[in-house]
Amino acid sequence: MLASTVAHVQLFGSPMDLGAGRRGVDMGPSALRLARLGPTLVALGHRVDDLGNVDVPIAEATTTPDEVGARFVASIADVTRRLADAVAGAAPGAIPVVLGGDHAVSMGSIAGVVRRARGDRVGVLWIDAHADLNTPQTSPSGNVHGMPLAHLLGHGDPRLLAAIGAPPLHPRDVAFLGLRSVDPAERAFIHAHGLTAWTMSDLDRIGMAAATGAALEALAHVDHLHVSFDADALDPVVAPGVGTPVAGGLGYREAHLLMELLASSGRVGSVDLVEVNPILDERNASARVMVELAASLFGRTIL
Ligand SMILES: [Mn+2]
């Protein structure tokens with residue numbers, strides 16, 4: 001995808017909050033649509049198909065046991081399969097954009113991207129306050145939205161690994177940007193597997209432009225770049241309506257610069273926009289910020 005080229009974007013909603021401790025991110029796809037995500041991308045000249053939502057059970061209506069280590073794991077595994085199938089079936093050449101939902105939806109979206117890549121090497125830029133590297137054994141909460149990346153790397157609950165059903169990501173093919181709330185077991189995981197990360201502290205020191213350049217360089221060897229953007233990477237002042245707000249996040253212009261640099265790299269092949277929580281929001285402001293950022297990611301420039 002190039003800043004100046006026309007993209008074919010396919011939107012997939014996954015209105016799931018089974019992975020989150022706090023409810024409400026199931027309304028994320030609606031909030032992003034009401035904030036005019038589709039029309040905004042069309043106005044940039046892109047072709048956009050909204051393929052609707054995958055089927056997601058409602059927490060109150062699930063009949064699977066609410067397991068302590070990994071809450072709603074069986075239902076989340078079902079959603080992972082459905083979303084992976086949908087994304088794997090995206091039109092040739094299209095850029096799938098998955099609307100969450102809690103970050104557990106990325107198990108399905110990235111599994112679908114890996115299947116669709118047919119052996120091409122898939123790299124992931126994980127833009128997030130959190131590392132999402134827990135497993136049911138290490139998670140302090142049992143909330144699966146803190147575990148998707150561990151599972152995509154091949155570690156964790158066998159039911160989720162089976163639902164992903166794609167070869168695990170290689171640790172060298174993952175880079176973090178924006179980390180600031182990392183559990184001890186996640187820190188150990190990052191060091192044990194040599195994952196690359198630009199934390200908020202790194203961003204303070206070297207600035208967003210250098211950090212984004214370094215992250216793209218670290219992923220220069222992959223064939224397909226997936227951007228998984230958790231709204232909680234943003235500072236709560238910019239976006240209060242997110243799943244798990246953490247102080248000290250990306251500022252408004254800093255986040256736009258990141259998106260503009262990704263757009264001008266011409267390398268983004270698929271995207272997640274997750275963890276928008278309208279319950280905590282103020283008149284859909286956070287969804288609107290995410291749509292503005294998506295516009296920058298899809299080539300909107302100031303001049
Ligand atoms: Mn996350």
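We did not get these values from a lab; they are worked out from the coordinates using the rules stated. Note that the structure is a prediction, hence the values are computed from the model and not measured. A quick note on method: Cβ atoms are made from the backbone with ideal geometry, for glycine too, and the neighbour counts reach across all protein chains shown.
Return the residue satisfying two criteria in turn: it lies in region 85-114 and is within 14 Å of the chain's Cα centre (by Cα) and assigned to a loop (DSSP other than H, G, I, E, B), and of such residues it is farthest from the ligand (Cβ to nearest atom). Step by step, filter region 85-114, then rank; the result is GLY101.
From ALA211, ALA220, ALA233, grab the single residue that is closer than 26 Å to LEU152 by Cα and within 16 Å of the ligand (Cβ to nearest atom).
Answer to the selection: ALA233.
Being within 14 Å of the ligand (Cβ to nearest atom) and either surrounded by 24 or more Cβ atoms within 10 Å (Cβ to Cβ) or of a type outside the set (Lys, Arg) (or both) is a property that PRO148 has. Put simply, of GLY142, GLY165, GLY156 the only residue that is crowded, with 24+ Cβ neighbours inside 10 Å, more than 18 Å from the chain's Cα centre (by Cα) and away from the ligand (no atom under 11 Å from the Cβ) is GLY156.
Checking each residue in region 115-139 for being touching a Leu at 6+ places or on another chain (Cβ under 6 Å) and away from the ligand (no atom under 13 Å from the Cβ) picks out only GLY123. The set of residues in region 236-286 being within 16 Å of the ligand (Cβ to nearest atom), of a type in the set (Ser, Thr, Tyr) and either assigned to a helix (DSSP H, G or I) or out of contact with any Asp or Glu (no Cβ under 6 Å at 6 or more places or on another chain) (or both) consists of SER286 alone. All conditions in (1) under 14 Å from the mean Cα position of the chain (by Cα); (2) over 25 Å from GLY89 (Cα atoms) hold for SER286, with the sole exception of (1). Of all residues in region 254-277, those that are farther than 15 Å from HIS103 by Cα have Cβ atoms under 6 Å from Cβ atoms of residues that are hydroxyl-bearing (Ser, Thr, Tyr), 6 or more apart or on another chain, in HIS256/SER296; LEU258/THR212; MET259/SER296; GLU260/SER296; LEU261/THR212. Can ASP50 be described as buried (at least 16 other Cβ atoms within 10 Å of the Cβ), within 22 Å of ASP157 (Cα to Cα) and acidic (Asp, Glu)? Considered against the rule, which asks whether it is buried (at least 16 other Cβ atoms within 10 Å of the Cβ), within 22 Å of ASP157 (Cα to Cα) and acidic (Asp, Glu), ASP50 comes out as no. So for region 32-42 (the condition being in a loop (DSSP other than H, G, I, E, B) and more than 18 Å from PHE298 (Cβ to Cβ)), does at least one residue qualify? No: region 32-42 contains no residue that is in a loop (DSSP other than H, G, I, E, B) and more than 18 Å from PHE298 (Cβ to Cβ).
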